[in-house]
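Enquirer: Take this structure first; my questions come after.
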Amino acid sequence: MTTAAAYAVSAPDGHFEKVAIERRELGPHDVLIDIEYAGICHSDIHTARDEWGGAKYPCVPGHEIAGHVAAVGSAVTKFQVGDRVGVGCMVDSCGKCDPCLAGEEQYCVPGATMTYNTPVPEEFQPGGYTLGGYSTQIVVTESFVVSIPEGIGLDVAAPLLCAGITLFSPLRHWNAGPGKRVAIIGMGGLGHVGVKIAAAMGAEVTVLSHSLSKEADGRKFGAHHYYATSEKQTFRDLRGHFDLIINTVSADLPIDSYLKLLRLDGTLVILGLPENPLQVKPFTIAGYRRSLAGSMIGGIAQTQEMLNFCAEHGIGAEIETISADRIDEAYERVVASDVRYRFVIDTATM
């Protein structure tokens, strides 16, 4: 076994504390990674505070992991010691179902093994459930490790392992590119990366945000247009305008009103997960053959494609780097939307 330093929370209302955790012995197909940076995702907060239910404690969150290979198993062929690598939201899947065989492991029928808080055999992770990236080391099967190209700093690459692929996947699936009008709802940790990627794909990009407070940033990231959704005129001016709308916020929005902003055959994709059911009038969808869809992260091959794309176009997340003893403070600031745009933990401070 390998012992690593980590930061864990022991109860929904607890505070993060430094602990020692065990990682499994290196198997033939395993990669041991020295973690250098770990991004903070809002999903980490939901899990640590048991807001989705079923959280296991002590909980070590973190699924935006970037670092270097420290050791490899005897059968590993993709990586060698010293390689720049990352790990995202998944660390395993069944590998046999149709989605897995199609490279869409995130939709694994029996359920993918997520990077933290997922029950697993003791030999997979001592303790019986996965422990995430708020740690100095992690052991991951090589098929769930991706290469981070030299064109991206490890710190700004870490959030791409969740935020980046969460936006890249639907943008690629719904063919964002030249001649397409794409709107991003929300300019937070997810949305700001989506603006950068959609613009790099060649789409005409519009940000739909509650206010104009981040307009300068949005245009710097590549947005061609920026509208405040708090103004009723926005929904009049943009009716029937977009080919694709990506909703990155988890608040309860008037989705029917946003659907009316779609052109014929347009699609609104839900990424943010609000607490309450969506309210949609059937005629709004039927009238212009509009579609309402959802998306979850992306498969491993597409995650690698995303990283390569971001390196080619000079795309990284906008981050604020923090020491590990500031995780609780960072959580409060994320909930208060007081970050531009993603916190990243420097694990050297562990």
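Enquirer: How do the strands (runs of 3 or more DSSP E) wholly within the range 88-194 filter down when requiring 3 or more residues that are open to solvent by less than 20 Å² (accessible area, probe 1.4 Å): which remain?
Expert: Where strands (runs of 3 or more DSSP E) fall fully within the range 88-194 and carry at least 3 residues being open to solvent by less than 20 Å² (accessible area, probe 1.4 Å), they are 137-141, 181-185.
Enquirer: If a residue must be over 23 Å from ASP252 (Cβ atoms), touching a strand residue (DSSP E or B) at 6+ places or on another chain (Cβ under 8 Å) and not in a loop (DSSP other than H, G, I, E, B), how many such residues does the range 196-209 contain?
Expert: Qualifying residue count for the region: 4.
Enquirer: Residues in the range 36-58 that are among the hydrophobic types (A, V, I, L, M, F, W, C) and either open to solvent by 30 Å² or more (accessible area, probe 1.4 Å) or free of Cβ contacts under 8 Å to residues at least 60 places away in the same chain (or both): how many? Let's see the steps before the verdict.
Expert: First pass over the range 36-58, keeping only residues among the hydrophobic types (A, V, I, L, M, F, W, C): 38, 40-41, 45, 48, 52, 55.
Filter once more, so that each one left must be either open to solvent by 30 Å² or more (accessible area, probe 1.4 Å) or free of Cβ contacts under 8 Å to residues at least 60 places away in the same chain (or both): 52.
Residues meeting the conditions: 1.
Enquirer: Could you look through the range 13-24, keep only residues that are in a loop (DSSP other than H, G, I, E, B) and open to solvent by less than 60 Å² (accessible area, probe 1.4 Å), and pick out the one that is nearest to PRO121 (Cα to Cα)? I'd like the intermediate steps shown before the answer.
Expert: Going through the range 13-24, the residues in a loop (DSSP other than H, G, I, E, B) turn out to be 13-16, 24.
Applying the additional criterion that residues be open to solvent by less than 60 Å² (accessible area, probe 1.4 Å) yields 14, 16, 24.
Numbers: GLY14: 26, PHE16: 25, ARG24: 11 Å.
Checking each candidate, the answer is ARG24.
Enquirer: If I go through the range 210-250 residue by residue, how many of them are part of a helix (DSSP H, G or I), of a type outside the set (S, T, N, Q) and open to solvent by 70 Å² or more (accessible area, probe 1.4 Å)? It would help to see each step written out before you state the result.
Expert: In the first step, residues of the range 210-250 are kept if they are part of a helix (DSSP H, G or I); the result is 215-221, 232-237.
Remaining after also requiring of a type outside the set (S, T, N, Q): 215-221, 232, 235-237.
Restricting the remaining residues to those that are open to solvent by 70 Å² or more (accessible area, probe 1.4 Å) gives 216, 219-220, 232, 236-237.
Selection size over the range 210-250: 6.
Enquirer: Would you please name the residue that is least open to solvent (accessible area, probe 1.4 Å), looking only at residues in the range 263-279 that are at pLDDT 90 or above and of a type in the set (S, T, N, Q)?
Expert: Among those that are at pLDDT 90 or above and of a type in the set (S, T, N, Q), it is THR267.
Enquirer: Please find, within the range 326-348, the residue that is nearest to the chain's Cα centre (by Cα) out of those that are loosely packed, with under 14 Cβ neighbours inside 10 Å, assigned to a helix (DSSP H, G or I) and touching a residue at least 12 places away in the same chain (Cβ under 8 Å).
Expert: VAL335
Enquirer: Condition first: polar (S, T, N, Q) and in contact (Cβ under 8 Å) with a residue 40 or more places away in the chain. Now tell me which residues in the range 199-240 satisfy that.
Expert: Across the range 199-240, the qualifying residue is only THR229.
The values are calculated or read from the model by the stated rules, or taken from the named source; none is laboratory data. All values derive from a computational prediction rather than experimental measurement. Using ideal geometry, Cβ is built from the backbone for each residue, glycine included, and neighbour counts are taken over all protein chains shown. Side chains included, ligands, DNA and RNA excluded: accessible areas come from the protein's heavy atoms. Shrake-Rupley method; radii C 1.70, N 1.55, O 1.52, S 1.80 Å.
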